[in-house]
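The values are calculated or read from the model by the stated rules, or taken from the named source; none is laboratory data. None of the values given here were measured: they were computed from a predicted structure. When we count neighbours, we look across all protein chains shown, and the Cβ atoms used for this are built from the backbone with ideal geometry, even at glycine.
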2 protein chains.
Amino acid sequence: MVTFEESSVDVLIIGAGPAGLMACNALARSGVSVRIIDQRPDKVAAGQADGIQPRTIEVFQSYGLAERLLKKGNQMHMAAFYNPSPDGGIELTDRVPDVTATSARYPFEVTLHQGAIESIFLDSMRGSGVGVSRPVLPISLTLSEDESLLNDPQTHPVRVELQHLLENGEVGPTEIVHAKFVVGADGAHSWVRRVLNISMDGEQTDYIWGVVDFTPDTDFPDVRNKTAIHSNNGSCMIIPREDDKVRIYIQLDDKTAHVTADGRVDKNKLQPHLLLEQVQKALHPYYIRTPEKFDWWTIYIIGQRVASKFSARERVFIVGDACHTHSPKAGQGMNASMNDSHNLAWKLAHVLKGWANMSLLKTYEFERRKYAQDLIDFDRQFAKLFSGKPRTKETDDGVSHEDFLKAFQTFGGFTSGIGIRYAPSAITSDKHQSLAKNLIVGQRMLPQVFLQAADSRPVEIQNLLPSDARFKLLVFTGNSSDAAQLEKLRMSSSNLEVALSDLTAGRKVISTFDVVAISSATKASVRYNDLPKFLWSHWSKVLIDDADVRGFLGGDGYTNYGIDRTQGAIVVVRPDGYVGMICPLHEVNDFVAYFSGFVGKSAVITN
Amino acid sequence: MVTFEESSVDVLIIGAGPAGLMACNALARSGVSVRIIDQRPDKVAAGQADGIQPRTIEVFQSYGLAERLLKKGNQMHMAAFYNPSPDGGIELTDRVPDVTATSARYPFEVTLHQGAIESIFLDSMRGSGVGVSRPVLPISLTLSEDESLLNDPQTHPVRVELQHLLENGEVGPTEIVHAKFVVGADGAHSWVRRVLNISMDGEQTDYIWGVVDFTPDTDFPDVRNKTAIHSNNGSCMIIPREDDKVRIYIQLDDKTAHVTADGRVDKNKLQPHLLLEQVQKALHPYYIRTPEKFDWWTIYIIGQRVASKFSARERVFIVGDACHTHSPKAGQGMNASMNDSHNLAWKLAHVLKGWANMSLLKTYEFERRKYAQDLIDFDRQFAKLFSGKPRTKETDDGVSHEDFLKAFQTFGGFTSGIGIRYAPSAITSDKHQSLAKNLIVGQRMLPQVFLQAADSRPVEIQNLLPSDARFKLLVFTGNSSDAAQLEKLRMSSSNLEVALSDLTAGRKVISTFDVVAISSATKASVRYNDLPKFLWSHWSKVLIDDADVRGFLGGDGYTNYGIDRTQGAIVVVRPDGYVGMICPLHEVNDFVAYFSGFVGKSAVITN
């Protein structure tokens, strides 16, 4: 029996992998009406992507999800490198920190299988009353061409036809959904991307890799480190995982990989124990026994491609693997995907709530497509180095350990996600960069421990920047224990209050902005309630830049940020945790100009 | 209708406050058959004890309960002191760290109301399938006088008659419980203590204090610090609490407190707003408004008493307020109570499992009664200082701030719980103290961050000392990257294996002992699997004494502990986290002698 249902929703997400779930969870938390569908009957059970980079851990923390991630996942702190030894085997060449980005709040990578990561989102979404409709297939998608509809964010210009599948695999009811926005998070073979006729730019490389997941029995001493092995019997990379498992990536030649005449890998001709045999050769003289079972395995040819567009009229978006594919070894895939959604979600929320106009949505492609291009550029260089033969006496053109290590460390800011910097745009203004020299506009807000002024409890500033779709105004007040400074601060606060009230057009300021005051006073002298009340909605929102009672945590925040202790500054942190702009404390014109560029009230709706 | 039931249990606990619940949770986790009853129909809803000291947080951590405590509770990092100002009001004299014990892992106190703390235990116990039977009253308790029964830990020499109460308050069925052991955790007016005819030694002081709990509206700048106010209009103490509440202790004179002719306080004549009026006077010139409601309030006269005995024949024990009462201001009560149970529980578990003989139970009174006596000595001095008039020009005999601060800091090791040191006994042998000069035998194991050798992940050593009723053998191996040292270590390990196998009389060693190896090798050179397999039941049990990849955490553990990097040592940590003995690495005779003193196999059952 086929029935038709018809419904409407603010945002329809197609695909419930990590990218789709990140978007769904973020939107649901912001109170946006959202629905998510997936054609798989259940979440991923094992294998697939599983590396979480330091920046992504910070992002999870901003959604209140890091605790579970850290509890369940394995941590990689150290990277080890093995190279050919004189006696024909391999030997340890070097151990270095896995994460080289010095400002990372979490100086390690987490590994946890994709299904466990999906569960973290699913449980969080359940708290907002949202679940995944599955198995459901999208059949058709139509975007209205009516400009007046497209320009008004409160209309439903996208019509999507959905096909429900029954448990027995038979075709169930069909459904029509009218959506204000659609997010295609449906993977490398994205149906949404094909429907929108968006091309993928890039190429396939010659590198073929196998992957096996299992619990190892080995005498290899670096099996719990991220270990790159270059041997004369092939290369492989060990990624330790949760529950004492490891993942091993193995470079394959065409013969071992059974590459067909048309350049595809014939997976039917391979078995995981054949992949493990390559590992056993590369690891010699160490043993690694063939396990009774493999948890997961696959094989692939690296392709590096980026979608030519990331949206259709800022009404239908693609995120994650739907917009970029690359090699998995540097562990970027799931991170890039989830961070696409993290970038997009707050922008959709602001437009849907009428806080910002449609132009804000253009910044999604602007910021994330550039990132995706940088990612495949990096990946191309890294894959080449990794797949190259080791340099030995005989092969002078091989890759030396020094080359490889240099690349590993040079790319550290990129692979950790910490170094990502969004270029200037309507939401990223570097005009007053000099007021906070080290808080780079377009980069994520630097972690730093301050103390709560009222009780000297240490608090990481990132904990005050939750992903709740609000802009954070960090008001660096200078020394509030100084009477003259306090008097100036009262004036600034008053001006800021007027500006914010104007920008929010009568809405409660607190629904769009959160204000935190950071004084350079000491814990011995500060009186938190001296500060103008507008700067602290709660006593815990007044911080001081001082070390904790034992001198272990905090202090030097103004210095680390490059902010003058007398002059102060207002730092605007975007809802996704990136520095949006910096403004002089005693003059709010540029602050108003920044927000006027995209805030609903004073900006014209543009397309 | 009255029916009789009859049952038997290993341990019956009477009283489900913090002391009883701590004992019950610990025993249930150890797999001991345990039952707990309480005469109250429900757990405490508000008020009562609520301060958790640094050492108690460590103890909670050892049971896996600290996370929730820290999430729900308020933290006190700073103590502030106010004294009379020249203009007749008060002024800030000083702010100092609330916790002065430098080795505290958690350098703060947590405040959380007693009901929330009870919930933490109740939820944990639920995981072991144990709940509180309530409301149930004990009616009679009979201890057998048959020596052969009393000497055999597997008999049930205690007969307790219980009276169930119905929801409507009427009398329900009666029940007979035959118990191997009974724990009386039934408070200051303990029924168990009275039945056993144990006297309380000590006296009542003249100090009368009121307590109010509420959410303050005030301009007083130190309302979120632990603040002692000595004014010429009376003294009070502010304890900030969870959910923006505070508790205030107020010193009262006889008139305000309505002391009756026979020296008792007439609570009917008092109301909380009368107590708050005293606070308002003491806080002048700051305001603190009378709230619409008080969450809780009480009034008491300080009494300092210790029970003359803590058990009857090591078959019936008393713990907590049943054995000691004192003033609440230094926040010791609940901590002392829970730590009584923490001390007793593992000993009961060892005896019940046949691992140790009955003599082990004598150490409970030996260790905890001495502590209780020290506690009331401290309390007597502290209460006197606190209740004294402030020293001014007119009152030369008053208490100066310097006196008070000195006492506050001198007693810091005691009030934090960190400095508690159990005297030498069968389970506390300081013979080889010189091998680890700073790991004081009888004190709790010092926190220290080491790295997991296999993956350089930092780990706090206390995390490897869970309260699981097992002794922990920390084998400080010296430098395992050194071939000669490794060879010596193989011999030691082999000797240790034989000794443990002998001591455990064929049981699995792992059920009584956990072994952790700590090498002084570096993260660059260590090979965790070089160590003898007996020293690591899992790769995560090999640690190294080195700093983490960023140099922020760990390193200098051997130095901090005072252990020679060549000589090494074996440190025996008792199941409750206290250092039990230290043994030379290359000679295990004293190790065997220590355990033979109380372990079931080779020791004679004594009474």
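Below is a table of values for the structure above.
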read-out	value
Whichever residue in the range A:76-98 is crowded, with 23+ Cβ neighbours inside 10 Å and either basic (Lys, Arg) or within 19 Å of the chain's Cα centre (by Cα) (or both) and, among such residues, is nearest to A:Leu446 (Cα to Cα)	A:Asp98
A:Ser8 vs. criteria under 30 Å from A:Asp403 (Cβ atoms), surrounded by fewer than 21 Cβ atoms within 10 Å (Cβ to Cβ) and more than 12 Å from every other protein chain (Cβ to nearest Cβ)	no
Filter result (within 24 Å of A:Leu439 (Cα to Cα) and either in contact with a His (Cβ under 6 Å, 6 or more places away or on another chain) or not charged (D, E, K, R) (or both)) within the range A:99-128	A:Val99, A:Thr100, A:Ala101, A:Thr102, A:Ser103, A:Ala104, A:Tyr106, A:Pro107, A:Phe108
Every residue from the range B:220-235 that is part of a strand (DSSP E or B) and over 26 Å from the mean Cα position of the chain (by Cα)	B:Ile229, B:His230, B:Ser231, B:Gly234, B:Ser235
Residues being assigned to a strand (DSSP E or B) and under 19 Å from B:Lys72 (Cα atoms) - total across the range B:108-132	3
Number of the exception - A:Lys431 against (1) out of contact with any Phe, Trp or Tyr (no Cβ under 7 Å at 6 or more places or on another chain); (2) buried (at least 21 other Cβ atoms within 10 Å of the Cβ)	(2)
Residues located in the range A:224-258, provided they are touching a Leu at 6+ places or on another chain (Cβ under 9 Å) and over 28 Å from B:Lys523 (Cβ atoms)	A:Leu252, A:Thr256, A:Ala257, A:His258
Selection status of B:Ser540, assigned by the TED database to the domain that holds B:Phe591, in contact with an Asp or Glu (Cβ under 9 Å, 6 or more places away or on another chain), at negative phi and outside any loop (DSSP other than H, G, I, E, B)	yes
Options B:Lys370, B:Lys389, B:Lys384, B:Lys353: the member that is within 15 Å of the chain's Cα centre (by Cα) and surrounded by fewer than 23 Cβ atoms within 10 Å (Cβ to Cβ)	B:Lys370
Hits in the range A:71-107 - residues which are in a loop (DSSP other than H, G, I, E, B), within 12 Å of chain B (Cβ to nearest Cβ), more than 20 Å from A:Lys245 (Cα to Cα) and touching a Pro at 6+ places or on another chain (Cβ under 8 Å)	A:Val99, A:Ala101, A:Ser103, A:Ala104, A:Arg105, A:Tyr106, A:Pro107
Residue that is within 14 Å of chain B (Cβ to nearest Cβ) and modelled with pLDDT of 95 or more, where the choices are A:Ala454, A:Ala436	A:Ala454
Those residues of the range B:555-569 which are over 26 Å from the mean Cα position of the chain (by Cα) and outside any loop (DSSP other than H, G, I, E, B), in sequence order	B:Tyr558, B:Thr559, B:Ala569
In the range A:458-494, the residues that are under 27 Å from the mean Cα position of the chain (by Cα) and charged (D, E, K, R)	A:Glu460, A:Asp468, A:Arg470, A:Lys472
Checklist (1) surrounded by fewer than 17 Cβ atoms within 10 Å (Cβ to Cβ); (2) under 24 Å from A:Gly398 (Cα atoms); (3) within 14 Å of chain B (Cβ to nearest Cβ) applied to A:Asp217, failing item	(2)
Cross-chain or 6+ apart pairs with Cβ under 6 Å, the range B:427-442 first and within 22 Å of B:His350 (Cβ to Cβ), then aromatic (Phe, Trp, Tyr)	B:Thr428/B:Tyr422; B:Ser429/B:Tyr594; B:Gly442/B:Tyr422
Selected residue (only one of A:Gly20, A:Gly64 is closer than 21 Å to A:Ser467 by Cβ, assigned to a loop (DSSP other than H, G, I, E, B) and touching a helix residue (DSSP H, G or I) at 6+ places or on another chain (Cβ under 8 Å))	A:Gly64
Test: residue in the range A:248-262 that is under 25 Å from the mean Cα position of the chain (by Cα), closer than 24 Å to A:Phe81 by Cα and touching a residue at least 60 places away in the same chain (Cβ under 8 Å)	yes
Verdict on B:Glu67 being surrounded by fewer than 21 Cβ atoms within 10 Å (Cβ to Cβ) and within 14 Å of chain A (Cβ to nearest Cβ)	yes
Any chance A:Ser119 is away from chain B (no Cβ under 14 Å), more than 25 Å from A:Trp191 (Cα to Cα) and either crowded, with 21+ Cβ neighbours inside 10 Å or hydroxyl-bearing (Ser, Thr, Tyr) (or both)	no
Close pairs (7 angstrom Cβ cut-off, 6 or more residues apart or separate chains): of a type in the set (A, V, I, L, M) in the range B:455-484, crowded, with 23+ Cβ neighbours inside 10 Å and assigned to a helix (DSSP H, G or I) anywhere	B:Ala469/B:Trp346; B:Ala469/B:Ala349; B:Ala469/B:His350; B:Val475/B:Leu535
Residue check, A:Ser519 crowded, with 22+ Cβ neighbours inside 10 Å and modelled with pLDDT under 95	no
Some residue of the range A:495-513 being farther than 28 Å from A:Leu352 by Cα and either more than 14 Å from chain B (Cβ to nearest Cβ) or outside any loop (DSSP other than H, G, I, E, B) (or both)	yes
When residues of the range A:527-537 are limited to those that are part of a helix (DSSP H, G or I) and among the aromatic types (Phe, Trp, Tyr), the one surrounded by the fewest Cβ atoms within 10 Å (Cβ to Cβ)	A:Phe534
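Residues checked against (1) touching a His at 6+ places or on another chain (Cβ under 9 Å); (2) at positive phi; (3) assigned by the TED database to the domain that holds B:Ala517:
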| site | (1), (2), (3) |
| --- | --- |
| B:Asp377 | no, no, no |
| B:Thr410 | no, no, no |
| B:Ser425 | no, no, no |
| B:Leu439 | no, no, yes |
| B:Gly442 | no, yes, yes |
| B:Leu446 | no, no, yes |
| B:Glu460 | no, no, yes |
